[in-house]
1. What is the residue count in segment 120-162 for residues that are touching a helix residue (DSSP H, G or I) at 6+ places or on another chain (Cβ under 9 Å) and closer than 17 Å to residue 71 by Cα?
2. Return a yes/no flag: does segment 125-133 have any residue that is under 21 Å from residue 154 (Cα atoms) and either without any contact (Cβ under 8 Å) to a residue 24 or more places away in the chain or over 17 Å from the mean Cα position of the chain (by Cα) (or both).
3. Any chance you could count how many residues in segment 65-123 are in a loop (DSSP other than H, G, I, E, B), at pLDDT 95 or above and at positive phi?
4. Within segment 133-159, how many residues are farther than 18 Å from residue 119 by Cα and of a type in the set (Gly, Ala, Ser)?
5. Which of (1) in contact with a Ser or Thr (Cβ under 6 Å, 6 or more places away or on another chain); (2) at positive phi is the odd one out, the single condition residue 131 does not satisfy?
6. Take residue 144 and decide whether it is surrounded by 21 or more Cβ atoms within 10 Å (Cβ to Cβ) and touching a Lys or Arg at 6+ places or on another chain (Cβ under 9 Å).
7. Output yes when any residue across segment 5-17 is modelled with pLDDT of 50 or more and surrounded by 15 or more Cβ atoms within 10 Å (Cβ to Cβ), and no when none is.
Amino acid sequence: MDRCGDLVSARLLLLVVIAVGATACADGGATPLAPSAPPSSPANPEPPAPPAPDPDPTGPFSGTVPAFGTNRHTFIAPQTGRVTLRLTWPNAAVDLDLYLASSSCQELYPQGACGILVSSVAADGSSEELQWPVQTGDEFAVFVDNLDTLSSQPYTISVTVQ
């Protein structure tokens, strides 16, 4: 199986394990050890808000991708030419990958449903780079995918169109 297939399989397995655990915990005959925490307590925090839109859709972009997570940015070509996207991050032990997809792609996975145009998926180092021909006003989805299951990672994506 290829690397992308392994990642999809690993994520699906994780979801199955979570679903089975949730089902087991939902047993009506079980007695809780302590009263459940109210929704706003630190023991049960609310999910994080979705990321704010990029202030400048022509780049550069930056953010922090969560462990085993994916961030999406919208890129709009400011001129006709060839765009170069260069992803850099500080910790080479964390494997980040970079994808350029059609603007209709809202989620990277499953990748077959996304219309990925080009990707950079080197397994080592602390940078990825890709290129694609663009015309003024073309809109794309740019994804940063973190394959590390334990560490979030800050990153920057530089953008050049020539």
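1. 4
2. yes
3. Matching residues across segment 65-123 total 1.
4. Number of matching residues: 3.
5. With (1) in contact with a Ser or Thr (Cβ under 6 Å, 6 or more places away or on another chain); (2) at positive phi applied to residue 131, the lone miss is (2).
6. Yes; evaluated as a whole, the condition is true for this residue.
7. Checked against the condition, which is being modelled with pLDDT of 50 or more and surrounded by 15 or more Cβ atoms within 10 Å (Cβ to Cβ), segment 5-17 yields no hits at all.
The values are calculated or read from the model by the stated rules, or taken from the named source; none is laboratory data. Quick caveat, the model's predicted, so the values are computed rather than measured. Note: ideal-geometry Cβ built from the backbone for every residue, glycine included; neighbour counts use all protein chains shown.
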